[in-house]
Amino acid sequence: MLGRYVSLFQQDLKVTLRNGFSYVVLILAAILVAVVDFAVPSEVKLTPTELFVDLTEGRVFESVLRREGVEEARILRSREELTREVEKTRSGIGIVVEGDLENPRFTVIHQGTEAPENLNLLDATLEGLVRVMRGAESPTGSDIEYLRPRAGATPVPFNKGLVPLIVVFEVVMFGFMVVAVMVFEEKQEGSIRAIRVSPARPLEYILSKASVNVLLALVYGALVVTFTVGPGVDYPRLFLLIGAAALLMTLVSLSVAVFFGNVSEFLFVAIVFMAVFSLPMVSYLLPSFAPAFVTWIPSFPVVFGVREILFPTGKEGFLAPMVGMVLAETAVFLAASHWAVTRKLMREGR
Amino acid sequence: MLRPIANLVRKDIVKSLRDNIVIYVLLSPILMAAGLALCLPSVQTASLTFALDAAADPRVIEGFKEYGKVELCETRQDLVDRVEKLDDVAGVVRKGDRYAVVVEGNEASDVGAATRAVLDRILAAGTLAEIERVSLGRTSPMLREMAASLVVFGAILIAGVLIGFAIVDERETGVIRALAVSPATMLEFISSQFVAAGAVSVVVAVASSLILMGAGADYIKIVAGVSCAMVLSIVFGFLVGGLADDQIAGIAVLKVVMLPFIGIPIASLCVGARYQWVFYPFPNYWGFQIFRDIFTGESVLEFWGSCVVTLLFGGAVIAGLAPTLRRRLRLR
């Protein structure tokens with residue numbers, strides 16, 4: 001079995017290189033590295049932007065806001081200017097503060113589409129700010145306990161924080177299209193007929209294609225990670241997770257692709273599949289959005305796992321159960337792809 | 001000239017129907033728009049989740065419900081396990097008559113502080129500030145409008161993919177050789193692609209807009225905008241169809257071309273007005289501006305201005321690509 005697998009693997013690798021996918025990996029990796037390193041800023045605010053006007057005597061709040069890192073562009077001079085900006089941005093929230101530190105009056109100008117809970121949270125945060133400025137103790141004496149010693153470390157810059165997204169939703173998913181392309185090419189060139197009459201079994205056929213895609217994903221991932229995050233990454237653990245996830249994606253694709261006649265037909269179905277697998281991207285960028293159905297998508301735990309490997313916070317013991325779960329899903333899709341390849345691909349035209 | 005174009009369009013329609021491509025082309029973006037319509041309300045109203053000690057004062061538990069979702073945990077270990085899950089959840093644990101906020105440490109920076117502020121507000125004797133709210137009274141969330149802009153722009157991309165793969169297929173099956181010896185000219189070929197893919201993208205754009213925005217959108221502008229932005233579909237299709245010799249290479253080219261084509265509009269959403277000029281040299285940026293104007297009312301130029309720039313810019317790129325394509329397709 002091993003000999004047949006190795007020979008199929010060599011053949012698939014040659015075909016993939018011949019089709020220029022190695023160049024595609026290099027070009028895409030170069031573009032993505034350039035985008036992360038040079039185009040995306042290190043700080044981007046994705047939640048609604050708050051704009052401020054301090055009309056208190058001596059503008060006591062302005063200096064505190066600046067100290068807290070609020071950019072100059074978000075501190076405006078008049079209520080009219082603030083209202084105009086909030087109307088223009090259509091997602092921003094304006095905060096006018098009047099009175100003095102002992103009796104502050106806040107006016108929150110909002111769009112009207114925000115969840116009431118989030119507006120209440122803003123009220124609590126504003127009161128928290130007043131409390132801090134007055135130097136008052138927390139009435140409850142409540143502390144913040146961090147579960148891990150590295151908590152509170154330097155926050156990950158926004159551009160580097162995009163790397164886990166790229167690794168999972170581009171690098172890992174790259175194999176989704178490539179494996180389909182390999183199948184369609186074999187159908188088109190007629191080499192599938194040769195495979196049907198060869199001693200190669202469906203399992204060897206599937207594993208050889210999956211191995212090529214895992215290899216591509218590892219090379220692609222290593223290039224992107226090394227030139228964005230740096231060489232000091234725990235590569236064995238990263239490769240384990242990328243490899244397992246890429247294997248799963250390849251098998252999902254193979255289970256579906258064999259039912260289509262050509263790339264053009266499959267392409268549009270693949271877009272829907274990839275859109276569903278990409279949904280956890282929203283949860284990654286907006287952590288409060290994590291409905292149950294999104295957490296069931298296999299890419300959901302993987303993207304957070306990759307983040308923990310690239311930017312460790314000290315979380316231990318997460319990798320084994322995560323990889324175990326991905327491998328269990330892989331086993332299901334290995335069975336599905338075996339069935340599909342045996343029933344559809346190996347018998348077609350007989 | 002019209003008859004040859006009609007013949008070429010008929011040929012493309014027959015081919016697409018035979019391969020079921022039209023069904024997939026129409027269904028996939030509509031399915032995505034429907035999925036977005038389902039997800040967007042929960043994204044827009046996403047609020048924090050708090051894991052509370054079940055032994056907490058009922059006033060605290062009820063109070064937290066005003067600020068987000070509440071999950072009760074029977075033991076400290078349950079609470080720690082919940083906080084350690086992958087989403088950003090802060091825990092509140094009771095310690096005698098005091099409370100502590102429990103966070104993992106890798107959450108968005110202010111989750112712990114915000115939870116403590118909520119706790120203080122619930123337990124404080126009085127308020128520290130007078131807070132008044134003024135609503136601008138919007139009913140349609142910005143996120144939905146942005147999603148609609150992107151989905152309709154996606155219809156342009158889909159038309160481009162359709163054109164690109166139709167050209168590749170014609171090269172592979174030898175149809176293009178037959179066209180080369182027929183009276184069909186390059187202009188007729190481009191026009192037929194424009195008509196066939198244009199019809200598909202108009203249907204996709206209108207259906208997606210109906211799903212996401214309902215009847216309230218300006219459908220005349222949507223059809224006019226799609227018709228103008230179709231020039232980008234031709235650019236995209238010609239890049240894929242011109243560079244790829246077969247469908248496999250088509251996918252490789254598609255992967256590379258799609259990244260800037262869709263990435264530039266998305267990036268322009270994250271960049272402030274001061275730096276939008278960075279995107280001016282890209283025709284797809286102007287195409288996206290058309291739909292931003294329709295759905296969000298925000299654009300660098302007004303609707304018609306964006307349409308004109310897109311047409312001029314896209315037309316210039318097509319004129320630049322045409323000689324290469326003519327040579328590769330061997331059309332007159």
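The values are calculated or read from the model by the stated rules, or taken from the named source; none is laboratory data. Just so we're clear, the structure is a prediction, and the values are computed from it rather than from any experiment. Every residue, glycine among them, receives a Cβ derived from its backbone with ideal geometry; neighbour counts consider all protein chains shown. Each accessible area value is taken on the protein alone, full model and side chains, heavy atoms only, with ligands, DNA and RNA left out. Shrake-Rupley method; radii C 1.70, N 1.55, O 1.52, S 1.80 Å.
Brief remarks follow.
- Any chance B:ARG138 is touching a residue at least 40 places away in the same chain (Cβ under 8 Å) and surrounded by fewer than 22 Cβ atoms within 10 Å (Cβ to Cβ): no
- Qualifying position, being farther than 30 Å from A:GLY230 by Cα, in a helix (DSSP H, G or I) and within 13 Å of another protein chain (Cβ to nearest Cβ), among A:PHE9, A:PHE61, A:PHE38: A:PHE61
This table checks each residue for (1) assigned to a helix (DSSP H, G or I); (2) free of Cβ contacts under 8 Å to residues at least 24 places away in the same chain; (3) closer than 19 Å to B:GLY314 by Cα; (4) under 22 Å from the mean Cα position of the chain (by Cα).
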site: B:ALA196; (1), (2), (3), (4): yes, no, yes, no
site: B:SER201; (1), (2), (3), (4): yes, no, yes, yes
site: B:LEU212; (1), (2), (3), (4): yes, no, no, yes
site: B:CYS228; (1), (2), (3), (4): yes, no, yes, yes
site: B:SER233; (1), (2), (3), (4): yes, no, yes, yes
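- Test result for A:GLY128, out of contact with any Gly (no Cβ under 6 Å at 6 or more places or on another chain), of a type in the set (Gly, Ala, Ser) and either surrounded by fewer than 15 Cβ atoms within 10 Å (Cβ to Cβ) or free of Cβ contacts under 8 Å to residues at least 24 places away in the same chain (or both): yes
- Which numbered condition B:ALA207 fails, given (1) touching a residue at least 60 places away in the same chain (Cβ under 8 Å); (2) closer than 27 Å to A:ILE27 by Cβ; (3) not charged (D, E, K, R): (2)
Results for (1) among the hydroxyl-bearing types (Ser, Thr, Tyr); (2) free of Cβ contacts under 8 Å to residues at least 24 places away in the same chain; (3) open to solvent by less than 20 Å² (accessible area, probe 1.4 Å), shown as yes or no for each residue.
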residue: B:GLY287; (1), (2), (3): no, no, yes
residue: B:PHE291; (1), (2), (3): no, no, yes
residue: B:GLY305; (1), (2), (3): no, yes, no
residue: B:LEU311; (1), (2), (3): no, no, no
residue: B:GLY314; (1), (2), (3): no, no, yes
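- Residue in region A:197-212 that is within 17 Å of the chain's Cα centre (by Cα) and assigned by TED's automatic domain parsing to the domain that holds A:ALA328 present: no
- Applying the criterion of at least 3 residues that are within 30 Å of A:SER255 (Cα to Cα) to the helices (runs of 4 or more DSSP H) found wholly in region A:91-196 leaves A:163-166, A:173-189, A:191-196.
- Just one of the listed residues (B:VAL253, B:VAL240, B:VAL300, B:VAL223) is under 24 Å from A:PHE169 (Cβ atoms) and open to solvent by 20 Å² or more (accessible area, probe 1.4 Å), namely B:VAL253.
- In region B:28-75, the residue that is nearest to the other protein chains (Cβ to nearest Cβ) out of those that are hydrophobic (A, V, I, L, M, F, W, C), open to solvent by 60 Å² or more (accessible area, probe 1.4 Å) and more than 29 Å from B:LEU157 (Cβ to Cβ) is B:ALA55.
- For region A:196-205, a residue qualifies if it is open to solvent by less than 30 Å² (accessible area, probe 1.4 Å) and under 28 Å from A:PHE273 (Cα atoms), and the qualifying residues are A:PRO202, A:GLU204, A:TYR205.
- Some residue of region A:258-270 being within 30 Å of A:LYS344 (Cβ to Cβ), at pLDDT 90 or above, open to solvent by 10 Å² or more (accessible area, probe 1.4 Å) and not aliphatic (A, V, I, L, M): no
- Taken together, A:VAL183, A:VAL219, A:VAL212, A:VAL178 contain a single residue that is open to solvent by less than 30 Å² (accessible area, probe 1.4 Å), closer than 23 Å to A:PRO236 by Cα and among the β-branched types (Val, Ile, Thr), which is A:VAL212.
- Looking across region B:114-134, just one residue is without any contact (Cβ under 8 Å) to a residue 40 or more places away in the chain, within 33 Å of the chain's Cα centre (by Cα) and either open to solvent by less than 60 Å² (accessible area, probe 1.4 Å) or more than 7 Å from chain A (Cβ to nearest Cβ) (or both), and that is B:VAL134.
- Number of the exception - B:GLY242 against (1) modelled with pLDDT under 85; (2) within 9 Å of chain A (Cβ to nearest Cβ): (2)
- From the list A:SER283, A:SER255, A:SER211, A:SER278, the one residue that fits, being within 30 Å of B:LEU36 (Cα to Cα), in contact with a helix residue (DSSP H, G or I) (Cβ under 6 Å, 6 or more places away or on another chain) and at pLDDT 90 or above, is A:SER255.
- Counted residues, region A:134-175 - those being modelled with pLDDT under 85, surrounded by 17 or more Cβ atoms within 10 Å (Cβ to Cβ) and among the polar types (S, T, N, Q): 3
- Among the residues of region A:205-224, some residue qualifies, meaning at least one is within 14 Å of chain B (Cβ to nearest Cβ), without any contact (Cβ under 8 Å) to a residue 60 or more places away in the chain and within 30 Å of A:SER42 (Cβ to Cβ).
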